[in-house]
Amino acid sequence: MNLEQFSQLFTPLPGNHYLEVCTKEDEVTKLLSSMMDKVDGELSVVLYDEQNLNFSQPFRAMPREHDMVILKDVFSKHENQKMILKLSYLTLANTANVIILEKKGILDLEAIKTLLEEMEFRAANEIDIIDGYDLIMAKKMHMWGNGL
């Protein structure tokens with residue numbers, strides 16, 4: 001997996017907190033961890049697997065605690081996608097981004113962009129930068145929608 005272009009989506013700042021919600025730690029986790037280490041930030045990882053959460057459960061995160069949420073290989077499998085987006089929205093700081101990353105061809109990209117808008121995310125875009133994966137990125141805007 002070539003992550004050079006993917007890494008350019010991020011501009012980590014000192015003290016940033018990123019949250020990756022995924023099924024296993026992999027190259028993306030290593031890249032995000034490395035970015036956070038360089039700026040004295042923090043990467044939190046939530047695992048959906050046999051030993052942790054199942055795909056009907058919510059993940060836990062404090063309100064406005066994260067500057068980026070990355071949902072990798074989880075969104076399409078979760079029984080309650082709206083809940084996952086609402087939790088992502090709540091844990092994001094204002095003007096922060098959510099990234100949905102899934103294997104190519106699994107997601108209905110237009111439906112996901114519409115769902116992101118319904119859940120008060122703005123500027124949803126699909127970005128083709130990782131071979132074999134679809135990526136959608138959207139922003140939580142200050143004082144829009146839910147106002148958190």
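The values are calculated or read from the model by the stated rules, or taken from the named source; none is laboratory data. Treat the numbers as computed from the prediction; the structure is a model and nothing was measured. Quick reminder, even Gly has a Cβ in these numbers, built from the backbone with ideal geometry, and neighbours come from all protein chains shown. The area values use the complete protein model at the heavy-atom level, side chains included, leaving out ligands, DNA and RNA. Shrake-Rupley method; radii C 1.70, N 1.55, O 1.52, S 1.80 Å.
Here is how the numbers come out for the structure above:
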| item | result |
| --- | --- |
| Difference of contour (0.36 nm per residue) and Cα-Cα distance, Met1 to Met62 | 18.9 nm |
| Kirkwood-based shape ratio for the chain, expressed as Rg/Rh from alpha carbons | 0.92 |
| With at most 10 other Cβ atoms within 10 Å, longest stretch of the chain clear of loop GluC sites (Glu not before Pro) (DSSP) | 80-148 |
| Heavy-atom surface of the range 1-117, accessible at 1.4 Å and reported per residue (Å²) | 52 |
| Cα gyration tensor, the range 1-44 - rounded (a/c under 1.5), prolate or oblate | oblate |
| Rounded percent of accessible protein surface that carbon and sulfur make up, the range 1-111, 1.4 Å probe | 46 |
| Rounded to 5, the percent of DSSP beta bridges in the chain classed as antiparallel | 40 |
| Sites Glu42 and Leu9 - FRET efficiency at Förster radius 22 Å, r taken between beta-carbons, to 0.05 | 0.75 |
| Net charge contributed by nearby residues that have their C-beta within less than 11 Å of Asn54 (K/R +1, D/E -1) | -2 |
